[in-house]
Amino acid sequence: MTTIITLVVLVSLGIVLVEADGNDCIIRDNDPIENCCNLGFSYSKFSSVVNKPKVYDVKNFCGNCQSTLTKVYCDTLTAGGGWTVIQRRQDGSVDFFNRGWVEYEEGFGDLTGEFWYGLHSIHCLTSIGRWELRIDINFTNGTQSYLSYKQFSVASSENQYQLSISGYDGVALTDPFMYDRNHILNNMKFTTNDRDNDLHSRSNCAAYHGPWWHRACSVVRPHFVYGSKYTMYINHQWHHLPFMEMKIRPLNCYRS
């Protein structure tokens, strides 16, 4: 399975995005997109094109205009579009549970199916500017819902990809990422089976609940064994979530 290791970084929404070696990075009509925001909102420069949610070729990895093309799945419809999808689970075809640090760092899966984009790429993307997170979920009865956070970023590998998240909005009465003092995931480092960064005194949370930003441990378990009824604790009840999709977008994505 092809490893996914790169993600485009959005610097701004103007025609000139960044400079590299003195050369401006220019958007031209026939070029690959710079980022998913190019496809998102009705008054976008690209509004004359009918853009569907799908895999797109992108350029400008981490602000480098000369970088080679890579691919990203853009959600162009949800809440205005402009989203870069960083995780999807929908059928259990990809194993998220039995994977180590390197795989979660580099990414794995299929952009058209189930995948994790990779901690390195998510850090690179969110290291410039302010980003929001949306998690779309389906319950077993077919009901669709979401969790939303106005601030989301992931630190570098030197900081063990520490999570920064706040500004909750969504259907749950309480924020699952801040459920109680033993389950506050803000400022937690990422944990896998082979790298224990959680605060549990007697065990590695990833060994029981899957790799994640665990504390001791977590009521949010997106990478638990698919089909488990203990995937997420919402409104005082555990749920199996047949579908989950995590996506991020710059807060200024909607601005002209």
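Every number here is computed from the coordinates shown, using simple stated rules; none is lab data. All figures in this text were calculated on a predicted structure; none of them were measured in a lab. Here Cβ is always computed from backbone atoms with ideal geometry, including for glycine, and neighbour counts include all displayed protein chains.
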Going by the alpha-carbon gyration tensor, a ≥ b ≥ c the square roots of its eigenvalues, is segment 59-195 rounded (a/c under 1.5) or, if a/c is not under 1.5, prolate (a/b greater than b/c) versus oblate? rounded
In this model, which of 150/247; 71/189; 71/247 are farther than 21 Å apart at the alpha-carbon? 71/189
Going residue by residue through segment 171-182, the Karplus relation 6.51 cos²θ - 1.76 cosθ + 1.60 with θ = phi - 60° gives ³J(HN,Hα) values, rounded to whole Hz and with x marking Gly or Pro, of 7, 5, 5, 10, 6, x, 6, 10, 4, 7, 5, 8
Quick one: Karplus J couplings for segment 154-165, per residue in order, coefficients 6.51, -1.76, 1.60, θ = phi - 60°, nearest Hz, x for Gly and Pro? 10, 6, 7, 4, 4, 9, 6, 6, 4, 8, 10, 8
Could you list the residues of segment 210-234 with an amide nitrogen less than 12 Å from a label point located 7 Å from the Cα of residue 143 in the Cα-to-C-beta direction? 234
Report the calculated FRET efficiency for residue 180 and residue 57 (r = Cβ-Cβ distance, R0 = 35 Å), to the nearest 0.05. 0.20
Where labels lie 7 Å past Cα in the beta-carbon direction, separation of residue 69 and residue 95 in nm: 3.3 nm
For segment 128-220, what log10 I(q)/I(0) values come out of the Debye formula at q = 0.10 1/Å, with one point per alpha carbon and no solvent? -0.28
For a Förster distance of 35 Å, can you work out the FRET efficiency between the beta-carbons of residue 187 and residue 77, rounded to the nearest 0.05? 0.60
Under the Karplus relation 6.51 cos²θ - 1.76 cosθ + 1.60, θ = phi - 60°, what is the ordered set of whole-Hz ³J(HN,Hα) values for segment 111-121, x standing for Gly and Pro? 4, 8, x, 8, 6, 10, 6, x, 4, 4, 5
